[in-house]
Amino acid sequence: MLGSLIASLDNPQTAAAVIGAVGMEGLAERVEKAAAAEAMEPAAYLAAVVRSFMETASDDHFVQLIGIMNRAEDPSLAAVRAILHKVLPETSEA
């Protein structure tokens, strides 16, 4: 199911639903800001960074991801949440 979710992230409605469902404060704003910096639509940017992670992740990252998915009620959403924590970390404002 993770593959289906990742494949559908280009859809703006799917991307918005995922952003809302992962429960990461400020994620929508971080995606919009990062997408604008790359001259991309937010859904396309979200899809690109998640897919890039999946294509380039180390074995350690995949082992961590599998562990997260095994413990989760919704494994696909948990995996995307973990990926987004890695590729779009929260910034601390001092």
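The values are calculated or read from the model by the stated rules, or taken from the named source; none is laboratory data. Computed from a prediction, not measured in an experiment: that's the story for all the values here. Virtual Cβ from ideal backbone geometry, glycine too; neighbours counted across all protein chains shown.
Somewhere in segment 58-71, is a residue among the hydroxyl-bearing types (Ser, Thr, Tyr), surrounded by fewer than 19 Cβ atoms within 10 Å (Cβ to Cβ) and over 14 Å from residue 18 (Cβ atoms)? Yes, that holds for at least one residue. When you check residue 2 against the structure, is it in contact with a Ser or Thr (Cβ under 9 Å, 6 or more places away or on another chain), surrounded by 15 or more Cβ atoms within 10 Å (Cβ to Cβ) and either hydrophobic (A, V, I, L, M, F, W, C) or in contact (Cβ under 8 Å) with a residue 60 or more places away in the chain (or both), yes or no? Answer is yes for this residue. Among the conditions (1) of a type in the set (S, T, N, Q); (2) touching a Lys or Arg at 6+ places or on another chain (Cβ under 9 Å); (3) buried (at least 16 other Cβ atoms within 10 Å of the Cβ), the only one that residue 76 does not satisfy is (2). When residues in segment 36-58 are screened for being touching a residue at least 24 places away in the same chain (Cβ under 8 Å) and not basic (Lys, Arg), 11 of them pass.
Residue by residue through segment 20-34, note down the ones that are free of Cβ contacts under 8 Å to residues at least 60 places away in the same chain and surrounded by fewer than 19 Cβ atoms within 10 Å (Cβ to Cβ). Please lay out each step first, then the result.
Of all residues in segment 20-34, those free of Cβ contacts under 8 Å to residues at least 60 places away in the same chain come to 20-21, 23, 28-29, 31-34.
20, 21, 23, 28, 29, 32, 33, 34 - these are the residues of segment 20-34 that are free of Cβ contacts under 8 Å to residues at least 60 places away in the same chain and surrounded by fewer than 19 Cβ atoms within 10 Å (Cβ to Cβ).
Among the residues of this structure, residue 38 does not count as one that is at pLDDT below 95, exposed (fewer than 14 other Cβ atoms within 10 Å of the Cβ) and of a type in the set (Asp, Glu).
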